[in-house]
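Read the structure below first, then the notes.
The values are calculated or read from the model by the stated rules, or taken from the named source; none is laboratory data. All figures in this text were calculated on a predicted structure; none of them were measured in a lab. For neighbour counting, all protein chains shown are included, and Cβ atoms are generated from backbone atoms with ideal geometry for every residue, glycine included. SASA here: full protein model, heavy atoms, side chains in, ligands and nucleic acids out. Shrake-Rupley method; radii C 1.70, N 1.55, O 1.52, S 1.80 Å.
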Amino acid sequence: MKTADDYLIQLALDHGLIRSDRLQEGRLQWAALVIEDPSAPGLKDFLVRAGVLDEAALTKAVADDLGFASVTLDGLTIPPAILATVPRSFVREHSVVPFAYTDGVLHVAVSDPLAMDVIDSLAYVTGSRVVGALTSVDDIARTLNRCYEKEVADSGKDLPLAAEIELANQIGEQTEVSENDAPINQIVQEIIAEAIRRRASDIHLEPLERSFRVRYRIDGVLLEAAPPPKRLQLAIISRLKIMANISIAEKRVPQDGRIQIFVEGRTLDLRVSSLPTAHGESIVMRVLDQEGLKLGLPELGFLPDDQAEFERLIAAPDGMVLVTGPTGSGKTTTLYACLHQLNQSSRKIITVEEPVEYQLSGINQVPVNAAIGMTFAAALRAMLRQAPNIVMVGEIRDRETAEIAINASLTGHLVFSTLHTNDAPSAVTRLIDIGAKPFLVAAALRASMAQRLVRRNCPHCRRADVPSASEIQLLKLPATRLVDATFMSGAGCQKCHGTGYHGRIGIFEIFFINDEIRSMISTQASASRLRQRAREHGLRTMREDGIRKVLAGHTTIAEVVAATVGDEF
């Protein structure tokens, strides 16, 4: 039975590529080598390496004999999107290189013309018609080192999403994917990479009736991105579900998962949520960026006087400090900034969170798991037996958690937590409404702070601005305060993607508990009465804090008014 080497050697003789005497001499040398080293290369490779046989000429002869095209890859520029059509594992195992895609046909360089099963497998993997072109083993090896290894190292950073989508359009519809399918994996990679480049906090992939919408939440505002074709919807969603380790077979119920991915030079965690909708599964990915945890209090947006007051507040050895606001108002970031400032080797800090999204160095973090009875209250009760100095409770939701947290603050622990209320004084009545005793709330609470986030003027393109008369009227300020004002706005640039804003800062309302307020809490005074009395003692509302930041040029009037639409002047 003839082997591939037998065929190649006979072809070389027939085409005059090797003399019979040189071949016989080479056979003897090769046989001696095989006796000493059974793992030695085949006869054809031995003759090529010995310089007896010209591999390029032999490759062309084989191509002509079998009706194959031949190709030389050296010096050929292969687009990364073409390389991405074949999974890396397949390329390495079978020594193939995709080098062109024209008229619905994927052209692939191969070194073994007899391995038709490789061509058939490649057609199945890529879902397109595949035509092989013959080249040498060395040419393929050099090309892999020159092109494919660079593409792997870049991890898709240089692949424009539009090019990947166009390639996917040409290759055809894919309905299901496996871990190594391409170019779907490159499209997914680029969607995530673009979100990171644009500083998005969330990635939304939403199936609509006739389109598949992709939106990024940037500085709290959803902005649309280039949408992939509707027919790739199922393949992209399946790929994301595989990455998040959730079932791709289950499409009827919501699912949650996590993805850890290396993109744009750093490792990121993505919290993935899938939700069945009328036109397919909607996917939302929350970007959990550890860099955001390194913010200090100044980066949060505190002006110097408020920062000094707040630092004195959190330096207390005991008591309770609450941060309030709606979802997405930056409460968790503020609490993490507090813990970051207080985190010292001399203090033991324990948190209970649902879920633990960010890993904080040097801090003990406990995840809530209601399915096994590890509720906020159960975790908090157990945590107190660990003798902590500082405790953070992700959220106070019920009477039991509130009572344990209050008792902890009264027994020598500094307790941080959050509540969902519209303003700072309402935190008091909220605690009482869920069952906490008023006199205990009065004794435990040191302060509550309400906050919202507003977009910061882009530092790269901000410029002096003159507000309109209607905007000035909204401020309701005396003319004397406007004399030294520095109104600024962003003109829009590449850094801020034309929005004029880059990042967000907080606007705050800090409600300090003094003896008079404490007495009013004990007698169950209403939130409106507490607010009125606090205003008399100098409470600054969120809108007033925002106006100070407008006058300092940090943000715009429109941003502050939109974030504090319910505030009274």
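Observations on the model:
- Subset of segment 190-214 that is among the aliphatic types (A, V, I, L, M) and in contact with a Lys or Arg (Cβ under 7 Å, 6 or more places away or on another chain) - its residue that is surrounded by the most Cβ atoms within 10 Å (Cβ to Cβ): ALA200
- 1 or more residues open to solvent by less than 30 Å² (accessible area, probe 1.4 Å) and modelled with pLDDT of 90 or more: qualifying helices (runs of 4 or more DSSP H) within segment 476-569: 515-522, 527-536, 542-551, 557-563
- Qualifying residue in segment 268-275 (condition: of a type in the set (S, T, N, Q), closer than 30 Å to ASN343 by Cα and under 16 Å from the mean Cα position of the chain (by Cα)): no
- Residue in segment 402-414 that is modelled with pLDDT of 90 or more, closer than 21 Å to ALA337 by Cβ and either aliphatic (A, V, I, L, M) or open to solvent by 30 Å² or more (accessible area, probe 1.4 Å) (or both) present: yes
- Some residue of segment 420-427 being surrounded by fewer than 20 Cβ atoms within 10 Å (Cβ to Cβ), farther than 30 Å from GLU353 by Cα and not aliphatic (A, V, I, L, M): no
- Checklist (1) out of contact with any strand residue (DSSP E or B) (no Cβ under 6 Å at 6 or more places or on another chain); (2) open to solvent by 40 Å² or more (accessible area, probe 1.4 Å); (3) closer than 17 Å to ALA527 by Cβ applied to SER468, failing item: (3)
- Residue match in segment 376-386 (condition: of a type outside the set (Gly, Ala, Ser) and touching a residue at least 40 places away in the same chain (Cβ under 8 Å)): no
- Segment 320-353 - residue that is of a type in the set (Gly, Ala, Ser) and under 16 Å from PHE508 (Cα atoms) and, of those, modelled with the lowest pLDDT: GLY328
- Selection within segment 1-40 - of a type outside the set (A, V, I, L, M, F, W, C), part of a loop (DSSP other than H, G, I, E, B) and at pLDDT 70 or above: HIS15, GLY16, ARG19
- With respect to (1) open to solvent by less than 40 Å² (accessible area, probe 1.4 Å); (2) closer than 16 Å to ALA193 by Cα; (3) modelled with pLDDT under 90, the lone exception for GLN260 is condition (1).
- For the residues THR126, THR143, THR102, THR72, the requirement of being out of contact with any Asp or Glu (no Cβ under 8 Å at 6 or more places or on another chain) and at pLDDT 75 or above singles out THR102.
- Enumerated strands (runs of 3 or more DSSP E) restricted to segment 304-387, each holding at least 2 residues that are within 31 Å of the chain's Cα centre (by Cα) and surrounded by fewer than 19 Cβ atoms within 10 Å (Cβ to Cβ): 364-367
- Cross-chain or 6+ apart pairs with Cβ under 6 Å, segment 453-474 first and closer than 15 Å to VAL561 by Cβ, then open to solvent by 50 Å² or more (accessible area, probe 1.4 Å) and modelled with pLDDT of 90 or more: LEU453/ARG504; ARG455/ARG504
- Search result, residues across segment 88-113 that are open to solvent by less than 10 Å² (accessible area, probe 1.4 Å) and either more than 19 Å from VAL62 (Cα to Cα) or touching a residue at least 40 places away in the same chain (Cβ under 8 Å) (or both): VAL91, VAL96, VAL97, PRO98, LEU106
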